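A short worksheet on the structure shown next.
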Amino acid sequence: MKATKLAVACTLLLGTVLIRPTYAEAPANLLKNGSFETVQEGTTDQAANWFRWGQWLNREDSWSPVKDGKCVIGYHHWQIESADDSGMWQDVDATAGKQYEFTVYANRDDAADKHLADTVEVKLEAVYADHTVAINSVTAKVFDIATGQQWSKLTVKGTAANAKLRVLIRVTPDKTGPRGGAVKFDDATLVAK
């Protein structure tokens, strides 16, 4: 009788141990303000911790859809008059030789009667004192980006060459016209792999 109780107790104990769930911790997002929710102090249309160039790539808090939160970065293609690209970037500390993955979600207007922006590039660069060097990039045609409530995941991976890594989003406008539609970006992440 004692042996049976002991066997049952061991089985219950082992069963408990075997069914205990384990959770993998999600890698930390190395970007600051990857959701674009915080506005740069002193501005109304620039996301904090992000730098930008070109025209009409602005933080928007009244556009929809959003992937998460209430803000997106909006590229106002219908406002672009030049052939120049627009973009934004953020620099982060990195470990040379370690692999990183940069992801941002994109959504576009369905502007059937207008020419959409041409491409979106997501890129990783090594940052040096007086220049940057490309590590890797991925380019998507804007026509292939999701519309409506759906979002396309744009991802690039690369190995850091030194201690400073730049993530970059570049939008190239259509070369002809009339230009129309917008591209939205949300939920940018950079994680070590």
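Every number here is computed from the coordinates shown, using simple stated rules; none is lab data. All values derive from a computational prediction rather than experimental measurement. Cβ: placed from backbone, ideal geometry, glycine included. Neighbour counts: every protein chain shown.
Can you pick out the pairs among K67/K157; K67/K164; K67/K153 whose Cα atoms lie more than 20 Å from each other? Show your work: numbers first, answer last.
Values: K67/K157 22 Å; K67/K164 28 Å; K67/K153 11 Å.
Violating the 20 Å Cα-Cα cut-off are K67/K157; K67/K164.
Averaging sequence separations of C-alpha pairs under 8 Å and six or more residues apart, then dividing by the length of the chain, give the relative contact order as a whole percent. List each step's numbers first, then the result.
Values: 457 pairs, mean separation 56.2, N = 193.
Here the relative contact order equals 29 percent.
Counting Lys and Arg as +1 and Asp and Glu as -1 over every other residue whose Cβ lies under 12 Å from the Cβ of K70, the net charge comes to -3.
Using the Cβ of V183 as centre and a radius below 15 Å, the other residues enclosed give a net charge of 0, where K and R count +1 and D and E count -1.
For the chain, the longest principal axis of the C-alpha atoms and the axis of helix 2-19 are separated by about 10°.
Mean-square fluctuations from a GNM of the chain, with a 10 angstrom spring cutoff on Cα atoms, peak among A182, A83, A24 at A24. Within the listed set A112, A146, A134, the residue fluctuating most in the Gaussian network model of the chain (springs between alpha-carbon atoms under 10 angstrom) is A112.
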